[in-house]
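The values are calculated or read from the model by the stated rules, or taken from the named source; none is laboratory data. Everything numeric in this text was worked out from a predicted model, so none of it was measured. Cβ placement follows ideal geometry from the backbone for every residue including glycine, while neighbour counts extend to all protein chains displayed. Heavy atoms of the whole protein, side chains included, go into the accessibility calculation; ligands, DNA and RNA do not. Shrake-Rupley method; radii C 1.70, N 1.55, O 1.52, S 1.80 Å.
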Amino acid sequence: MASEGDEEKAGQGAAEAGAAEAGAAEAVDPKVAAAIAAAEAAGPADGGSVRADSWIWAVRLVKTRSLGATACKGGHVRVNGQNVKPSHTLRVGDEVRLRHEGRERIVIVKRLIRKRVGAPVAVQCYVDNSPPPPPREAVAPIGIRDRGTGRPTKRDRRELERLRGLVEGGRPKPDGR
């Protein structure tokens, strides 16, 4: 029969092993950890909130804050299913849906930051539930012309339009009479 002291030691060992596994699962580069700490220091106080346009810019979902504001105004940003204004305040746990560059990004706010940070730190601030982007082969390439070939002729332009699916191919030529 084990004594109470043995049970405590076994319990501590299991707790330490669990902490070591958790640390290994979330092993973060020391530089990234320092950047996260700096971002959190610049972020809002406990229970605070951040503007929607500022947050989507800070976590690098859009290139500029003005693009974030424009996306909000245009109805391309939804928080918890509602269209939001740029000044809408975000809280931890909110679901943000952003339609940008022909793709929908679905993220859940994990950490609030106000200042733009590097990509490794930005990834730590949200959980990405977005569908994967379509493969490059699935996206039809736009007709590319060789350098120095000059302007496309009317025939070349029609072929490009057919490739892009803008015109139904094989329309009869109108009579010149």
Over the range 30-115, with neighbouring protein chains present, the accessible area per residue in Å² at probe 1.4 Å is 55 Å²
Under a 1.4 Å probe, counting only protein heavy atoms, LYS63 has an accessible area in Å², nearest 10, of 150 Å²
Any GluC sites (Glu not before Pro) in the range 64-151 that lie in a DSSP loop and have at most 16 other Cβ atoms within 10 Å would be GLU101, GLU137
Sorted by accessible surface (1.4 Å probe, heavy atoms of the protein chains only), largest first, ARG91, ARG111 come out as ARG91, ARG111
Correct semi-axes for the range 49-167, from √(5λ) of the alpha-carbon gyration tensor and rounded to whole Å with the largest first, are 38, 15, 14
Simple SL model, points at 7 angstrom along Cα→Cβ for VAL92 and ALA119; separation in nm is 2.7 nm
